[in-house]
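Structure first, then comments.
What follows is calculated from the coordinates using simple rules that are stated; it is not laboratory data. The model shown is predicted, which means the values in this text are computed figures rather than measured ones. Cβ sites come from the backbone with ideal geometry, for glycine too, and all protein chains shown count toward neighbours.
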């Protein structure tokens, strides 16, 4: 006999960075009847680490589910559009490629990479990204914002955003507070566990307050105040595969044209990001401290900015990896409290979003059934593993010979799941798919081909076709893309017309 | 040179012809496709039921629906009705398409379970468009407009097996497939790698090919195929088939009833009613079972019944050396998965078509994906036998008590906690199908998604009542199944 759930009456979110306010906003939206008291504790004394200002297309679903208007959001966060990521000097010095969002070609039923691979050696078919509408218009600093029902070849197009994560958190704070989320400015100094089962019972704040809740969401950042310090869940360290352990970040003045894509440039001891926002450009150098000092890394970064630096460079330290479990007892960890993967593929905010989706698909009642917790951990952990593999691929498949980091990465052992993918691709140019893969075949292809992993064989069903016919088909694809590109418009013009943000005082523009 | 310039498909069943045609159309003149017909013609009888995935394949093979329905004396299939499974006297419908729709972003079953927890019990199948139409013996094809209730279901077909095989065979020959008949006397292996080089037929002729596709289990012994044993969960290993005269009613579904040692079904066709009796030979001898199938036909038998053996398991690997095994129609046909498994098996083979004679990464991935597909189907079938309160025979006691496969145990446990289901999109049966079977077999969740409680109870009650009412109204407007067949030109000429 089915009975009503024994409902959770209160949720306490610890930490008010991007993760904390994303969680608060979703909780407020889901419990629109205010049947569950939602509280967020953050300390104005503790700074937040603005995780990843660049995103991937599913962020649009997140905002849509909250009922957020795109232009309001871009105005509030100094946001810009993002059609992909351009990689410089990764495969080898002087080489570049784009990982565009969307799907190459103009027909979801007709994959074009096998015909392209077939004709590549004969020349005259251009770069693989010439067959991506995203890449073609991004290179022209143009964007398109097709109507939801545009359909047809527009289904092959996709976009995300760049935005200021601090402003996004503030935007979601307003959203949440209007919908009843209570905010406490305070510092957590202690955690009380229930003696019988080790569940978290209450938190103690520096000012003496004691706050109880049924359910806790740990968004406290790297230290993992609840999930690690209180519940001691353990951490899987992935430094072997991803040896970078620090980043130095600095914002600089914006330039005339805002590129609708992120740029990631490989450097001797890591890589540099460049994220164009409306009011500035976010920059950072992710590096491996074994190979370069903080000062040298900062100097490299400062020497490679588009405009005048707007602040002093700031160093962050991290250990790449993730907690062994993201949900234990009555506590779920999100964001940096859950794990860290460098922002090479802009997945930090996405991982928060995915964990929230899984959490609300499996939202518990006060019996906290182990079967729900197990299922959540299974689903949420594998998201991290897939992204790890995708990021590792960029390091592994390189032909740089100029620095020890790159030689190490080329020779290092890789996770079996990635080794299988690489072997599979090298054999036939086909992309192996795992269930629940965030990055689909087009994403893997862009990076595999971009990193110059060339397969030995091809699809025999394509090889048997007449090359002239394949060439004509590819030309047709490019013509269609060119026609569609006519309806794009300059990125800056779109921003100015629809979602221009007010300039911010310099002091507020400091965080990178 | 094209890596596989010749393929021999072994079988002669619907699966074999369908596979051969799919290969011939995809490979064109690069590859010669032959079918070795080893099937005993008498074994092809009764009905073949399909599932909606066949919609994707038929146009690729060049079939037109109305013509195929007419030529095969077919009927339309909205699902199947299951009787006496959870308990004697129980009934549920497993229809194609969705059950209800999300409300406030919370999946339908939670709202339905919530009403049940409040003592209100509308039938689950009131929210299945397919079940509503089936109950009234009505049928019309669905519509594509997602706002319409008529977009919420799907359908497939029941075919006369003999006529379907004839149609598929003719289609294969028209696409350049060659038919060879004979019986296999010996399988000639390449001494180094153990690849099949040729089939030696009775009479001495040899049939060579680069690749073999085995739809009949003919190569298993020669290749030393190991079987994953499913007999603890799927005990049935025999099947009697019998054709009886057509019945007055023409429901757009088959009736599948649990029996003390297995199950029996009756499937309506235009020209006959197909009676099947599937059972476990540990508890019932073949003669008694044969007598039983005759009683099912109640004196309307058109011919002698035919006995078939079922495999209670799957090969550990499906792509072994240069042989592809397609055993889909050899396993328990409770969920009509035979054609579907052949279709996905051959489509997957084309997606992994070997770039050279040897392609271990492709074969490994093929085996992983196919093994996963069969195991999830096994779970669905095992659920029917396991989740029951029947204790009227040793057969049912054995089914209830066998420890479950781990993947099924986890799925049932998650559902039994709070109605949650995680079903991969690569599975034979989607979330809605699992929901029908889990609830139909009496798996009752402890509670439901707490977020369902956020919607005011009156709103939920109203939305569900409206949905069921609208579905009933739409179903009532459909023509009777029999009338639809006649009006759409799909009716066979009286024979």
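On the beta carbon distance between residue A:478 and residue B:65, with R0 = 30 Å, the FRET formula returns roughly 0.20.
Between residue B:42 and residue B:91, the simple spin-label model (points 7 angstrom out along Cα→Cβ) gives 3.7 nm. Think of it as helices only: each DSSP H run of n ≥ 4 in chain B is worth -39500 (n - 2.57), and spread over all residues that comes to -11000 deg cm²/dmol at 222 nm. Here the mean projected area of the convex hull built on the C-alpha positions of segment A:150-275 is 14.6 nm².
Taking 0.36 nm per intervening residue step and subtracting the Cα-Cα distance, what contour gain separates residue A:434 from residue A:185 on full extension?
Working: separation 249, 0.36 × 249 = 89.64 nm, distance 4.33 nm.
Length gained between residue A:434 and residue A:185: 85.3 nm.
Compared with the dominant principal axis of the Cα atoms in chain B, helix B:360-386 is inclined by about 40°.
Among DSSP beta bridges lying fully in chain B, give the percent that are antiparallel, nearest 5. Don't skip to the answer; put the middle values down first.
Numbers: 52 of 74 bridges.
Around 70 percent of the beta bridges assigned by DSSP in chain B are antiparallel ones.
Annotation: for a label point projected 7 angstrom from Cα along Cα→Cβ of residue B:2, residues of segment B:351-380 with backbone N closer than 19 Å are B:351-359. Relative contact order of chain A: what whole-number percent is it, with Cα pairs under 8 angstrom and at least 6 residues apart? RCO, chain A: 23 percent. Remark: spin-label model distance residue A:485-residue B:53 equals 4.0 nm, labels positioned 7 Å along the Cα→Cβ axis.
For peptide B:100-108, compute the average count of partner chain beta-carbon atoms within 10 Å of each residue's beta-carbon. Intermediate values should be presented prior to the final figure.
Details: counts 0, 0, 0, 0, 2, 5, 4, 1, 0.
For this peptide, the per-residue mean of nearby foreign Cβ atoms is 1.
The alpha carbon centroids of segment B:249-296 and segment A:254-284 are separated by 69 Å.
The relative contact order of segment A:1-139 comes to 16 percent, based on Cα pairs under 8 Å that sit 6 or more residues apart. When the helices of chain A are scored as -39500 (n - 2.57) per DSSP H run of n ≥ 4 and the total is divided over every residue, the value at 222 nm lands at -10000 deg cm²/dmol. Note on residue A:253/residue A:32: beta-carbon distance plugged into 1/(1 + (r/R0)^6) with R0 of 41 Å gives a FRET efficiency of 0.45.
Taking every residue in A:361-372 and counting other chain Cβ atoms within 10 Å of its Cβ, the average works out to 5.
When the Cα centres of segment A:307-348 and segment B:175-221 are compared, how far apart do they sit, in Å? Comparing the Cα centres of segment A:307-348 and segment B:175-221, I get a distance of 58 Å.
Helix A:18-30: angle to the longest alpha-carbon principal axis of chain A, degrees 0 to 90, nearest 10? Tilt of helix A:18-30: around 70 degrees. To the nearest ten degrees, helix B:457-477 and the longest principal axis of the Cα atoms of chain B are 60 degrees apart. Label zone (residue A:9, point 7 Å along Cα-to-C-beta; backbone nitrogen cut-off 18 Å) within segment A:347-373: A:364-368. One chain, two ends: residue B:400 and residue B:136. Fully extended at 0.36 nm per residue, the span grows by 91.7 nm beyond their Cα-Cα distance.
Would you mind ranking A:325, B:394, A:465 so that the residue whose beta carbon has the fewest other beta carbons within 10 Å leads the list?
So the residues, fewest neighbours to most, are B:394, A:465, A:325.
Once C-alpha pairs closer than 8 Å and six or more residues apart are averaged by separation and normalised to the residue number of segment A:257-334, the relative contact order reads 16 percent.
Here the spin labels are modelled as points 7 Å beyond Cα on the Cα-Cβ line, and at residue A:402 and residue A:466 they lie 4.7 nm apart. Shielding value for A:28-34 is 3, the average number of Cβ atoms from other chains within 10 Å of each residue's Cβ. Of interest is the spacing of the C-alpha centroids, which for segment B:397-460 and segment A:156-223 amounts to 32 Å. Once the Cβ-Cβ distance of residue A:419 and residue B:356 is raised to the sixth power relative to R0 = 25 Å, the FRET efficiency obtained is 0.75.
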